[in-house]
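Read the structure below first, then the notes.
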Amino acid sequence: MNENTPIVMAAFGTTSRAMETYSFIDTAVKAAFPGHPVKWAYTSRMVRAHMKKRHRANMKNPQQVLDALAEQGNPWAVVQSLHLISGHEFYRLVDDVRQCGVRTSMGLPLLTSPEDYQRTATAILGGVAAGNGTATVLIGHGTDHPAWTAYPALGQILSSAGSNVHVATIEGEADMDTTVDAVLRCGAKRVHLVPLMLVAGVHLQEDIAGDEDSWRSAFEAAGIAVSVETQGLGKNAAIIDIFIRHIRDALAIVPESASLA
């Protein structure tokens, strides 16, 4: 493993105070890879424009960050995706980095290998309250990409552990009405809503915990008491450790001879 290869953390971005999650991840990655420059890139054009207009923050996209590294003489860089699944956003990132002047080794999304699923399930179950008539509902973004199967796959692993945990999505098959019915059938009197997202930003504030047409209001209308987790997965050290493993795998591909020109 080359000891000075830059690591680029590629995140979707957020316009909320949840940006502190990225700082938490940044600290963990720098501690795991001392000597490696750690840079950040944001894939959402909308988020970058919003932050530049409101906060004068110059958030760079992956191509800008990688081109700057190439100009500094770096022949290689690791690009670590902070996506949860290998969906549309991940493959857009792959296409973007192909156009850059530095060779890249991709760190894969959170849910990639069977081991990733098991580790993610263990990390989630570590924060789930067992028994007491409480169900836990993990709510992800959802996708129309074939990678949508990641959600039921994770749900099956969690169910096989004997937990009363349901995996749902804002968009897709396991939608709000379907999930409320499933929780009612299991006899739960209370439900804990957890964002199955790296960062708990606007989706948490509006779609999950909002006052109208939200997941919280739907469960309350069904007579189920609701509590809401306010932190995304990016604040879970065991989840960050999975990304760190992926960075390590990506660094292993970089030739030992790769160094600053």
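Projecting the Cα positions of Phe33, Val94, Ala188 onto the charge dipole of the chain (unit charges on Cβ atoms of Lys, Arg, Asp and Glu, taken about the Cα centre) puts Phe33 furthest along the positive direction.
Can you pull out the chymotrypsin sites (Phe, Trp or Tyr not before Pro) in the stretch 183-261 that DSSP calls coil and that have at most 15 other Cβ atoms within 10 Å?
Answer in residue order: no site qualifies.
Spin-label model, Lys60/Arg92: points 7 Å from Cα along the beta carbon direction are separated by 2.0 nm.
In this simple spin-label model, placing a label point 7 Å from the Cα along the Cα-to-Cβ direction at both Ala238 and Gln118 gives a separation of 1.4 nm. Note on Arg103 and Val202: with the Förster distance fixed at 45 Å, the Cβ-Cβ geometry gives a FRET efficiency of about 0.80. Quick one: grab the alpha carbon gyration tensor of the stretch 114-234, order the square roots of its eigenvalues as a ≥ b ≥ c, and give me rounded if a/c is under 1.5, else prolate or oblate depending on whether a/b is larger than b/c. Taking the square roots of the gyration eigenvalues as a ≥ b ≥ c, the stretch 114-234 is rounded.
Between Ser23 and Cys186, the contour length at 0.36 nm per residue exceeds the alpha carbon distance by 54.8 nm.
For Lys189, a cut-off of 16 angstrom between C-alpha atoms picks up these aspartates and glutamates, skipping any fewer than 8 places away in its own chain: Asp181, Glu220.
Taking 0.36 nm per residue of sequence separation and removing the Cα-Cα distance, the Ala221/Asp144 pair yields an extension gain of 24.9 nm. For the chain, with equal point scatterers placed on the C-alpha atoms only and solvent neglected, what are the log10 I(q)/I(0) values from the Debye formula at q = 0.11 1/Å, to two decimals? Here the Debye-derived log intensity ratios amount to -0.62. Between the beta carbons of Ala153 and Thr178, assuming R0 = 25 Å, the FRET efficiency works out to 0.90 to the nearest 0.05.
Coordinate-derived values only; no laboratory data. This is a predicted model, so every value here is computed, not measured. Please note: Cβ atoms are built from the backbone with ideal geometry, for glycine as well, and neighbour counts cover all protein chains shown.
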